[in-house]
Every structure is written in C-alpha cells, then in structure tokens.
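Below is one structure, written out as structure tokens; comments come after it.
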Amino acid sequence: MNDNTLKDINFLVAGVGGQGTVLTGDILAEVGMSGGYDAKKSDVLGLAIRSGSVISHVRWGAKVHSPMSEPGRVDYLLAFEPLEALRLVEYLAPGSTVILNEYRIPPGEVSTGKVRYPDEEEIAG
C-alpha cells in the first residue's frame with residue numbers, strides 16, 4: 001500500500017480494569033501494523049487496576065508522531081462501560097463511530113452514594 005493513500009485513523013478503547021481494554025488496544029495496534037500503517041498506542045490506567053478507569057489510545061497513519069489522540073479527532077470509540085464512554089465524548093470527531101457495551105460497572109463513588117450513575121437518556125444524550 002502506498003504511504004500517500006493511508007488515512008489517519010484514531011481509536012479510543014475505554015473500560016474499567018479487568019475488562020480487556022489494554023489487550024484490545026494491543027490487538028488494534030497489531031492490526032494496524034499488519035495493514036501497513038505506522039501504529040502507535042498509549043494506555044492510561046486509573047488508580048486502581050481492578051474497577052479503575054482504563055483508556056487505550058491507538059493511532060494509525062502513514063506516519064504517526066504521537067500515540068495520544070486529541071479531543072475532537074477520534075474516529076472510533078470502543079467502550080466496554082457506559083460511564084467510561086460518557087467521559088470521553090469530547091474526543092469524538094464529527095461522524096465518528098461508537099461501539100458501546102451497555103453493561104454498567106458503577107465506580108466506588110456510586111456504590112457509596114456519593115454520586116449518582118447517569119441514567120440511559122443522559123448517556124445517550
């Protein structure tokens with residue numbers, strides 16, 4: 001594939017610890033490299049490995065200089081938990097695709113009653 005024909009593609013994979021977010025990002029990066037792209041990946045892990053927020057930034061392009069996506073530039077958001085998807089809305093580009101697992105894993109603050117988990121309409125908003 002000619003490097004000039006490669007379109008930059010930005011992915012965000014979001015979930016909580018233990019859902020396979022980092023593994024999914026690793027697979028996406030490998031798929032990009034197998035497809036002839038320069039691929040970069042970076043993980044952001046929350047304070048707790050289990051049940052903490054986890055995000056994988058994956059970028060494909062002819063030449064990728066930074067593994068981190070900028071707000072407003074993500075083409076695909078793969079979210080394993082609804083609240084984690086909601087936290088990343090600012091990263092979505094116009095016309096982006098969101099794949100969302102609707103299974104909820106409330107964070108500790110919700111379990112203790114400190115904050116309220118958003119309802120389905122707020123998440124879909």
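Summary table below
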{"read-out": "Enumeration of residues in segment 60-98 that are among the acidic types (Asp, Glu) and either modelled with pLDDT of 95 or more or open to solvent by 30 Å² or more (accessible area, probe 1.4 Å) (or both)", "value": "70, 75, 90"}
{"read-out": "Residue list for segment 99-125, restricted to those being in a helix (DSSP H, G or I) and either of a type outside the set (Asp, Glu) or loosely packed, with under 11 Cβ neighbours inside 10 Å (or both)", "value": "108, 110, 111, 120, 121, 123, 124"}
{"read-out": "Filtered residues of segment 5-39 (kept if under 21 Å from residue 79 (Cβ atoms) and without any contact (Cβ under 8 Å) to a residue 12 or more places away in the chain)", "value": "23, 27, 30, 31"}
{"read-out": "Residue within segment 27-38 that is under 25 Å from residue 124 (Cβ atoms), open to solvent by less than 20 Å² (accessible area, probe 1.4 Å) and hydrophobic (A, V, I, L, M, F, W, C) present", "value": "no"}
{"read-out": "Residue selected from segment 73-100 under the condition without any contact (Cβ under 8 Å) to a residue 40 or more places away in the chain and out of contact with any strand residue (DSSP E or B) (no Cβ under 6 Å at 6 or more places or on another chain), by the criterion nearest to residue 16 (Cα to Cα)", "value": "86"}
{"read-out": "Options 56, 42: the member that is in contact with a helix residue (DSSP H, G or I) (Cβ under 8 Å, 6 or more places away or on another chain) and either assigned to a strand (DSSP E or B) or of a type in the set (Gly, Ala, Ser) (or both)", "value": "56"}
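The values are calculated or read from the model by the stated rules, or taken from the named source; none is laboratory data. Every value quoted in this text rests on a predicted model; they were computed, and no experiment measured them. Note that we place each Cβ from the backbone using ideal geometry, even for glycine, and neighbour counts take in every protein chain shown. Each accessible area value is taken on the protein alone, full model and side chains, heavy atoms only, with ligands, DNA and RNA left out. Shrake-Rupley method; radii C 1.70, N 1.55, O 1.52, S 1.80 Å.
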